[in-house]
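Right, one structure below, let's go through it.
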Amino acid sequence: MTAIKYRIDVDTGGTFTDGVLTTSNGRILTEKELTTPSDLSIGVMKLFAEFAKKEKISLEVLLQNTQSIRYCTTQATNLLIERKGPKLAMITTRGFEDTLRIMRGVGRVDGLCEMEFKHLVRARRPQPLIQRNLIVGVTERVDCKGNVVIPLNEEEVKLQAEYLLNQGIEGIVVCLLWGFKNLHEQQIREIIKNEFPEYSSIPITLASEVSPKFRELPRMNTAVINAYIKRDIEKSTYGLEMKLKEKEFHGPVLLMQNFGGVATINNTFPLDTWNSGPVAGILGGLFFGELYGVKNIAVVDVGGTSFDISVIADGKYAVNTEPLVERFRCQGYLIEVKSLGAGGGSIAWINELTGRVEVGPHSAGADPGPAAYGFGGKDPTVTDADILLGVINPEYYHGGRMRLSVELARKTIKEEIADPLGLDEIEAAKIIIKTLNGKMQNLIFKEISAQGYDARDFAIFAIGGLGPTHCTDFTEELNIAKIYTFLNSPVFSALGASVSDIVHQYWVSRRINQLMNALEEYTEDGEVFKLFNSTFENLEKRAARDLEMEDFEKKQLQYTYQVEMKYGDQLSEILIKSPVNRLNGKDEVKLLCDTFIDNYNQTYGEVASYKKGGIDLETFILRALIEISKPHFEKQRKKAKSPPINAEKKRRDVFFIDRDCWVKTRIYDREKLEAGNIIEGPAIIESVSTTYKVPKGWVFMVDEFLNGIYEKVG
Amino acid sequence: MFDKAILENLKRERFSAEDMEAIKTIDPVKYEIFKHRLYHLLDEARETVKKLGSSTVIRDTGEIITGVYTAAGDLALCSSTIFLHVIGCGWAIRYTLKYRKNEPGVGIYDEDQFWNNDSWYGGQHACDHTVFTPLFYKDEIIAWSACLTHSSAVGACEPGGMPVSATNRYMEGIRLPCVKVIERGKKREDILDMIASFSRDPGMMMLDAAGRFACNVKVRSVFKELLDKYGPEFVKASLKKMIYESEERCKFKVSQLNDGIYNEVCFQDEQGQEYGIIKINLSITKKNEKLYVDLLGSSPPQPGPMNMTPSVVAGAFFTAVAHQLFWDVDWNVGLLGPFEWKIPENSLCYPQYDSAINQAVCIGTVLAERVRRCLSKMMYDSPYKEDLMADCGGVIRVPYFGGIDQYGKPCSELTLTFNAGAEGAMIDENGQDAGGIPVITRADMGDAESWEHITGPILFLARGYLKDSGGAGKYRGGNALWEAHKIHGVPELWWGSLGQGDKINIARGFGGGYPPPTSRNLAVFNNNFKRISRTRIENGELILPPFYSVEEFLKMEGDIYEARGNTPATLLKEDDIWIQVFQGSAGLGDPLEADPESVMKDIREGMVSHWMAKNVYLIEYDEKTLRVEQMATERKREQKRRERIKKSMKYDEYLEKIKKVKPDGKLLKTYGAWP
């Protein structure tokens, strides 16, 4: 008999480490363990031990038969928040030593929410990652075309490097103006290596190798953050790999990348692991979107402290080309996830200025958590309001593993919200939920609208502990008619990792002026074709070299060619998928320009176009992908429309905000529902990990994959 | 011609009894959801404009306002990155309603868009372009959407759009007084071609305009959905409620400040065309929930462009209050609710129609700083003390250039490092170093590479913090930046500068704090760049090129030219260098009370010099280890305090002494009556 083979996917979040185990015979197991922040591998190994226990085999046997492990780590976020990285130094072009600290001025408000940046007199920059006295300049200057205006002075480099190396530093970042246009950065590295061999263990990061793209501040930040988290990310991930090897795992540990895909530890830029968990959730969304034939999706994750949303429009996710990484403006092509400080633990409070109820951004977290937990929380939260309104069953929270106190929820809402406003506590709870839903709804609207789409054309994938509970409310105003929920939604990001391919991404800035000119004539310049073709050819070579080192064959490689283009005179580019990978004549140039114009018009409308400016190309991006087989989800045979009798639980009173009244409501056990079951609202469906609220006018259908779909009727 | 009655009306429309009833009875939760939806719409539209624009002022400064106005033209809600311009569009809408609506051949129809860049019809100066569109429900105008951005290539007598040599409005480029440019959704290409034909950089003008058009189309499309969903009555009442709520909250905050008369006089060294002292005389009488403003005694209209219109005056007040006191309300016309105004005609605050006014934003920023200082005085003994801030630099200093760029295309732009100006000290911490100026909420000075690559033929040689540029104090003012550039890749380029404050310091310290140094412009011609740009090592010491510090710059070989803040365009050749020194902000409290360890930290980070630490902060310490000698420091400071007492004089004596001092008459040509 052939042994069962496994694939394991792990997502370490702030509170829980989630895992999905997929077997070669189509079974899917999920598991959650507490995250162990001091050493993430402890939580991960515990998770594997639990899977082994469930499979009734030893850990060694499980891992011997595991083909791959994909891993989303939250360590980059932790390192940046806690400022636990190494003592770094930086060498830059003389005259620009303060660039990192000035943050173009805008760093003071980047990443702040509306009320924070409006309070401008108190808005402050984040703490820098490199001390000012460890940033030195060297005399050199290259212009935007790569011409050397001031040559590099080697003696000066030696003096400056000596100073830095005597400061007890643990790493050096080199970022020069236009450093990716010539070899000054490489020369600096060589000088340091040759002159100071005793410091050979000190890593030197060149910004031109991390992100060869123009605009110095984001390039500098990208290189610095990469260097800042590299040591610990590598230590931790290689450490995990070692532990797994000791337990007989022989495959690679693949790290989830925030640009969508996985890669070996060796081929990962550490910064690409930042926020990779939520990104994996989007890939899961994309996968299920294809499974259901849905192309326009908002993946909405409502957790304990935050509300994350990402938009898939026309089967494609949005990409952020100047992402804010913990408030630092960086470069990259990250899948965009927007967050709001609003979730189950979000605290409701009265704004003294307006006299109205606000929800979040502060959260009660897991400890003390909502007042109803009974751990000493005094602030009213969204979960408290849900309990008071009868939506969440206090006896069945986390499947009954935790008993909640309705009285504590009532007391805190009464004292903190209802009494000061002269309301009763039910009215106050309603306002809390309505306020939360309004915030979520507005963010969904904004994110869909930002990409030039209409929210009414979208389906919602509601995940996270509170996604299925509030989704019908926060989509009400947007006229969204279909909402998908998933049996595995509590571990959806880990599930998303399981459907990720191996992907590497490369980019370089190479400006091509006036592919199309003001007269709408297309270039036939052979030099332009040569530049275009050689740039993609070089990126392909890098991709092939990196993937061959991982033992993949060249023929397995699939390339996606992207470019950033703009109208002449414009300062911002848009990212498009290039329809051509080589230019040989003006027909191909026209095709490329037409694709740009179509994308531009789709995003901003035709009224914003300006062909008279001509069209320029700024940056080339190559995605190299090796497809990996995806887990197979078995379809179940549909059974009766009516849920089985044993799925019905005792009815209870639930307050439905849409109807503004209490309703004696049917309650169901989600785990006992079968494919084909249809439940009409008003109803509540309870599962171990979440609560589904079905208002009147909606039905909840269990499909052949046992996922739950809300549909609006009438 | 503009309408005086419209221009002088700085108040919102009066709400009727029915309006008030509707404001008070609409569902509060539904209202909140509607308001946030509208805000997200405006915010997202603003981001879109930022991506579409061509001007650096749009992309980097983000000088963009997207707003929704009531049917009568009162701003109800906006997403803005700049305060000074926020309410400016209201006058243009009022004018359009009064003069365009019933005009045969014009009219106001669904999907029309109007363009205004004339300050007499609302707005700031010719570079600030507002495009606005009516938002209809059936045949009724329910509201207006407007988008304002700055485009500098307006075809003025100098490049950059703010010509310092202008002496009248006819030298300031094209003016569009509420002109219809899109009719029922169709662009009026003839009008747009005419506008483009005035510009040195038509591509920039039209791309920026495209962004404004797209913004209004987007807002209109979603607004119509909201009207269908909520109904016109709810929407109208909600917009008015936003204004009403802000106004009530602002009045409440004012009522918590101490009653009194708060005076601020500001002297400026630049009258536009030459050095000359001019004055803004501000008095604010605070009584209960009202603030009575009087600008009587300010200088007469200036012969150059340092003038403003009443809409700029209102913008300056809006800037001050939104920044410091009313930051926590929805920004709309309600912020002006507590104010009553006296703006004297025939003054630089209200000049003649044909006066040049292109530097209204410069003088407006100075006025905003004076208002802020009055507020700081009011806030010192109030529940809002912690938001009190000492003076920011308060001057605009913008180099501009024009010519043919390195790609052979026309260029006409401003550089915007001044955006990262510093902020004054707070009551419990140092001011922000180069973190933005009060006028602009999300200022971004842009990357040097972005400027060099896209904007113009310049090469940055240095750009960093200027040591000691923040005024000393118990808490020091924020340090400013300085930068050096050379003309690069082209044989020549027109270069000039606009701004003020080289000779007279506009910023003053607060509560014993010191003012910051003033700003400077320097250029060096014939400098033999190739030779001077090499670093040498002599006796183990690095001998650096002279453009890495202001002190060394002054010793550079070549012809050094110290330019006025307001310098008309001069032709520079390739490799000519100019440097720009921006102004820092003021300190708060006596420097003798500064924590010595905080000053040592500043020394380590290159923000404060040893000279300053020893001679101004009077700290005794070891220069190598930065170890402070506490006892010796305290002794030195105590001695200084005794010296100060010895030097002191009675206030009456001081007044007598100061009365005898009068500047040279040449400097008072446009000042008005002395003192």
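The values are calculated or read from the model by the stated rules, or taken from the named source; none is laboratory data. Predicted, not measured: the structure shown is a model, and the values here were computed from it. Glycine gets a Cβ as well: all are built from the backbone with ideal geometry, and neighbour counts include every protein chain shown. With ligands, DNA and RNA removed, areas are computed over all heavy atoms of the protein, side chains included. Shrake-Rupley method; radii C 1.70, N 1.55, O 1.52, S 1.80 Å.
Identify the single condition in (1) farther than 27 Å from A:Thr222 by Cα; (2) in a helix (DSSP H, G or I); (3) not β-branched (Val, Ile, Thr) that A:Phe552 does not satisfy, given that it satisfies every other one.
It fails just one condition, (2).
May I ask you to list pairs of residues, at least six apart or on different chains, whose Cβ atoms are under 9 Å apart, with the first in region B:509-523 being over 22 Å from B:Pro591 (Cα atoms) and the second being open to solvent by 60 Å² or more (accessible area, probe 1.4 Å) and assigned to a loop (DSSP other than H, G, I, E, B)?
B:Leu522/B:Leu554
Would you check which residues across region A:574-609 are modelled with pLDDT under 90 and on the phi < 0 side of the Ramachandran plot and list them?
Matches in region A:574-609: A:Asn601, A:Gln602, A:Thr603, A:Tyr604, A:Glu606, A:Val607, A:Ala608, A:Ser609.
Tell me, yes or no, whether region A:664-678 has at least one residue that is within 30 Å of A:Val580 (Cβ to Cβ), basic (Lys, Arg) and part of a strand (DSSP E or B).
no
Can you confirm whether region A:554-564 contains a residue that is within 14 Å of chain B (Cβ to nearest Cβ) and under 30 Å from B:Ala214 (Cβ atoms)? Outline the logic, then answer.
Within region A:554-564, the first condition is being within 14 Å of chain B (Cβ to nearest Cβ), and the residues that meet it are A:564.
If we keep only those that are under 30 Å from B:Ala214 (Cβ atoms) as well, we get A:564.
Yes, the conditions are met somewhere in region A:554-564.
Could you please find all residues in region A:57-99 being open to solvent by 20 Å² or more (accessible area, probe 1.4 Å), in a loop (DSSP other than H, G, I, E, B), of a type in the set (S, T, N, Q) and in contact (Cβ under 8 Å) with a residue 12 or more places away in the chain?
Across region A:57-99, the qualifying residues are A:Asn65, A:Thr74.
When the residues of region B:194-203 are narrowed to those that are more than 14 Å from B:Trp115 (Cα to Cα) and part of a helix (DSSP H, G or I), which ends up nearest to the other protein chains (Cβ to nearest Cβ)? Steps first, please.
Here is the first cut: in region B:194-203, the ones more than 14 Å from B:Trp115 (Cα to Cα) are B:197-203.
Subsequent filtering for residues that are part of a helix (DSSP H, G or I) retains B:197, B:202-203.
Working: B:Ser197: 13, B:Pro202: 8, B:Gly203: 4 Å.
My answer is B:Gly203.
So, of the residues in region A:426-462 that are open to solvent by 40 Å² or more (accessible area, probe 1.4 Å), part of a helix (DSSP H, G or I) and free of Cβ contacts under 8 Å to residues at least 60 places away in the same chain, which turns out to be farthest from the other protein chains (Cβ to nearest Cβ)?
Per the stated criteria, the residue is A:Glu427.
Select from region B:383-401 the residues that are crowded, with 24+ Cβ neighbours inside 10 Å and either within 11 Å of chain A (Cβ to nearest Cβ) or of a type in the set (Gly, Ala, Ser) (or both) and list them in ascending order.
Once the filter is applied, which keeps residues that are crowded, with 24+ Cβ neighbours inside 10 Å and either within 11 Å of chain A (Cβ to nearest Cβ) or of a type in the set (Gly, Ala, Ser) (or both), region B:383-401 yields B:Leu388, B:Met389, B:Ala390, B:Cys392, B:Gly393, B:Gly394.
crowded, with 17+ Cβ neighbours inside 10 Å, out of contact with any helix residue (DSSP H, G or I) (no Cβ under 8 Å at 6 or more places or on another chain) and closer than 17 Å to A:Glu476 by Cβ: which single residue out of A:Lys712, A:Lys696 fits that description?
Every option except A:Lys712 fails the conditions.
If only one of B:Ile543, B:Ile577 is within 14 Å of another protein chain (Cβ to nearest Cβ) and crowded, with 20+ Cβ neighbours inside 10 Å, which one is it?
Step by step, each of B:Ile543, B:Ile577 is checked, and only B:Ile577 is within 14 Å of another protein chain (Cβ to nearest Cβ) and crowded, with 20+ Cβ neighbours inside 10 Å.
Given the residues A:Val302, A:Val294, which is the only one that is more than 24 Å from A:Leu547 (Cα to Cα), over 12 Å from the mean Cα position of the chain (by Cα) and surrounded by 23 or more Cβ atoms within 10 Å (Cβ to Cβ)? I'd like the intermediate steps shown before the answer.
Values: A:Val294 fails: surrounded by 23 or more Cβ atoms within 10 Å (Cβ to Cβ).
Exactly one residue qualifies, and that residue is A:Val302.
Identify, please: which residue in region A:366-399 is aliphatic (A, V, I, L, M) and assigned to a loop (DSSP other than H, G, I, E, B) and is, among those, surrounded by the fewest Cβ atoms within 10 Å (Cβ to Cβ)?
Residues of region A:366-399 aliphatic (A, V, I, L, M): A:366, A:371-372, A:382, A:385, A:387-389, A:391-392.
After this cut, where a residue has to be assigned to a loop (DSSP other than H, G, I, E, B) as well, the list is A:366, A:389, A:391-392.
Details: A:Ala366: 16, A:Leu389: 22, A:Val391: 22, A:Ile392: 29.
Taking the candidates together, the pick is A:Ala366.
Which one is nearest to B:Trp331 (Cα to Cα) among residues in region B:245-275 that are among the hydroxyl-bearing types (Ser, Thr, Tyr) and open to solvent by 50 Å² or more (accessible area, probe 1.4 Å)?
Per the stated criteria, the residue is B:Ser255.
Filter region B:602-633 for residues that are open to solvent by less than 90 Å² (accessible area, probe 1.4 Å), assigned to a helix (DSSP H, G or I) and free of Cβ contacts under 8 Å to residues at least 24 places away in the same chain and give the result.
B:Ile603, B:His610, B:Ala613, B:Lys614, B:Asn615, B:Ala632
Taking only region B:436-484 into account, find how many residues are farther than 26 Å from A:Thr92 by Cα, in contact with a Gly (Cβ under 7 Å, 6 or more places away or on another chain), more than 7 Å from every other protein chain (Cβ to nearest Cβ) and not in a strand (DSSP E or B). Full working, then the answer.
Within region B:436-484, the first condition is being farther than 26 Å from A:Thr92 by Cα, and the residues that meet it are B:437-442, B:471-477.
Those left that are additionally in contact with a Gly (Cβ under 7 Å, 6 or more places away or on another chain): B:437, B:442, B:471-477.
When the remaining residues are screened for being more than 7 Å from every other protein chain (Cβ to nearest Cβ), the result is B:437, B:471-477.
Still in the running and not in a strand (DSSP E or B): B:437, B:471-474, B:476-477.
The qualifying residues number 7.
Please find, among A:Ile102, A:Ile169, the residue that is facing another protein chain (nearest Cβ under 7 Å), among the β-branched types (Val, Ile, Thr), crowded, with 16+ Cβ neighbours inside 10 Å and under 36 Å from the mean Cα position of the chain (by Cα).
None of the other options fit; the residue is A:Ile102.
Any residue in region B:292-304 that is over 14 Å from B:Pro351 (Cα atoms) sitting within a Cβ distance under 7 Å of a residue that is of a type in the set (Ser, Thr, Tyr)? List the pairs, counting only those 6 or more apart or interchain.
Once the first residue is over 14 Å from B:Pro351 (Cα atoms) and sits in region B:292-304, its partners that are of a type in the set (Ser, Thr, Tyr) give B:Tyr292/B:Thr285; B:Asp294/B:Ser283.
So which of A:Phe16, A:Phe96 is more than 30 Å from B:Leu461 (Cα to Cα) and aromatic (Phe, Trp, Tyr)? Working first, answer last.
On the way: A:Phe96 fails: more than 30 Å from B:Leu461 (Cα to Cα).
It is A:Phe16.
May I ask you to list the residues in region A:673-689 that are open to solvent by 10 Å² or more (accessible area, probe 1.4 Å), within 33 Å of the chain's Cα centre (by Cα) and closer than 15 Å to A:Thr469 by Cβ?
A:Val688, A:Ser689
Looking at region B:409-425, is at least one residue on the phi > 0 side of the Ramachandran plot, modelled with pLDDT under 95, in contact with a helix residue (DSSP H, G or I) (Cβ under 9 Å, 6 or more places away or on another chain) and facing chain A (nearest Cβ under 8 Å)?
Among the residues of region B:409-425, not one is on the phi > 0 side of the Ramachandran plot, modelled with pLDDT under 95, in contact with a helix residue (DSSP H, G or I) (Cβ under 9 Å, 6 or more places away or on another chain) and facing chain A (nearest Cβ under 8 Å), which makes the answer no.
Filter region A:478-519 for residues that are of a type in the set (Ser, Thr, Tyr) and more than 14 Å from chain B (Cβ to nearest Cβ) and give the result. Write out each step before concluding.
First, pick out the residues of region A:478-519 that are of a type in the set (Ser, Thr, Tyr): A:484-485, A:489, A:493, A:498, A:500, A:506, A:509.
Those that are of a type in the set (Ser, Thr, Tyr) and more than 14 Å from chain B (Cβ to nearest Cβ): A:Tyr484, A:Thr485, A:Ser489, A:Ser493, A:Ser498, A:Ser500, A:Tyr506.
So, of the residues in region A:317-333 that are open to solvent by 30 Å² or more (accessible area, probe 1.4 Å) and β-branched (Val, Ile, Thr), which turns out to be nearest to the chain's Cα centre (by Cα)?
Checked region A:317-333; the qualifying residue nearest to the chain's Cα centre (by Cα) is A:Val319.
Name the one entry in B:Gly513, B:Gly496 that is assigned to a strand (DSSP E or B) and more than 13 Å from chain A (Cβ to nearest Cβ). Spell out the reasoning first.
Values: B:Gly513 fails: assigned to a strand (DSSP E or B).
B:Gly496 is the lone residue from the list that is assigned to a strand (DSSP E or B) and more than 13 Å from chain A (Cβ to nearest Cβ).
So, in region A:588-624, of the ones that are open to solvent by 60 Å² or more (accessible area, probe 1.4 Å) and touching a residue at least 60 places away in the same chain (Cβ under 8 Å), which residue ends up farthest from the other protein chains (Cβ to nearest Cβ)?
A:Lys590
Output the residues belonging to region A:334-361 that are surrounded by 24 or more Cβ atoms within 10 Å (Cβ to Cβ) and of a type in the set (Ser, Thr, Tyr).
If the condition is that a residue be surrounded by 24 or more Cβ atoms within 10 Å (Cβ to Cβ) and of a type in the set (Ser, Thr, Tyr), then A:Ser346 is the only one that fits.
Pairs only if they're at least six apart or on different chains, beta carbon under 6 angstrom, first in region A:222-235 and farther than 16 Å from A:Asn275 by Cα, second modelled with pLDDT of 95 or more and of a type in the set (Gly, Ala, Ser); list them, first residue then second.
Listed by first residue and then by second, the contacts come to A:Ala223/A:Ala207; A:Ala227/A:Gly171.
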